[in-house]
């Protein structure tokens, strides 16, 4: 049976910087659960089209980006204290600078996994009323778990897989707000015309 998981998060950084962070496969392990001990095993990077140059110099981040047809292989512990590591290999199937990219698993615990990452600029006011140029990161995952007949598969999904998906994405969102300030620096308020 096919399932869909959707979530979103507003991040107080410009889209160009947030997209560049996510497009670099080396950053993925730092957003995963600590007990998984994630590792980037291999990244066969296919360069994306030329990066658009934003007129704002502070919104430029020179970094590696995995374009369409890149293959990324991670390994991680499937459960706490596991003595074995599980491989997860994905291919980037679409890539549009500062808008979206999609990864599809070719080797994973799932029969099918497609993860669409969407990025949209959005200015919001902070608690002092100052407009902050930020990014809404939307995740949409279509997946088919492994496991038995429809009844058993549905129970497995509802009791184990869906709660784990929620935990993984909640942890990713939490860690993102800790990691980005260290990488990108302090939050810079957007110019006042950005709120118009």
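Computed from the coordinates by the stated procedures, all read-outs in this text should not be read as laboratory data. The model shown is predicted, which means the values in this text are computed figures rather than measured ones. Quick reminder, even Gly has a Cβ in these numbers, built from the backbone with ideal geometry, and neighbours come from all protein chains shown.
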Relative contact order of region 13-97, pairs being alpha-carbon contacts under 8 Å that are 6 or more residues apart, as %:
32
At a 10 angstrom cut-off on C-beta neighbours, averaged per residue, how do the peptides 88-100, 105-117 rank from highest to lowest?
88-100, 105-117
Add -39500 (n - 2.57) for each DSSP H run of 4 or more in the chain, then divide by its residues: what number comes out at 222 nm, to the nearest 500 deg cm²/dmol?
-6500 deg cm²/dmol
Of [x] 1, 7, 14, 19, 20, 16, 10, 7, 4, 2, 1, 0; [y] 1, 8, 17, 22, 20, 15, 9, 4, 2, 1, 0; [z] 1, 7, 11, 13, 14, 14, 12, 10, 7, 6, 3, 2, 1, 0, which is the value of P(r) over Cα pairs in 5 Å bins from 0, in percent derived from the coordinates here?
[x]
Using only the Cα atoms of region 1-43, what semi-axes does the equivalent ellipsoid have when each is the square root of 5 times a gyration tensor eigenvalue? Give whole Å, largest first.
20, 19, 12
Whole-number percent relative contact order across the chain, with pairs defined as alpha carbons under 8 Å at least 6 apart
25
Starting from the 7 Å offset along Cα-to-Cβ, what nm value, one decimal, do you get for the label separation of residue 182 and residue 46?
3.3
Value in Å of the Kirkwood radius, where region 111-165 supplies the Cα pairs that are averaged:
14.2
Taking just the alpha-carbon atoms of region 37-102, what radius of gyration and Dmax come out, in angstrom?
15.5, 49
For region 55-150, what does the relative contact order come out to in percent, with C-alpha contacts under 8 Å and a separation of six or more?
18
What nm value, rounded to one decimal, do you get for the distance between residue 170 and residue 150 when each label is placed 7 Å out toward the C-beta?
3.1
Measure nothing but the geometry: give the 0 to 90° angle between the long axis through the Cα atoms of 162-184 and the longest principal axis through the Cα atoms of the chain, rounded to 10°.
30
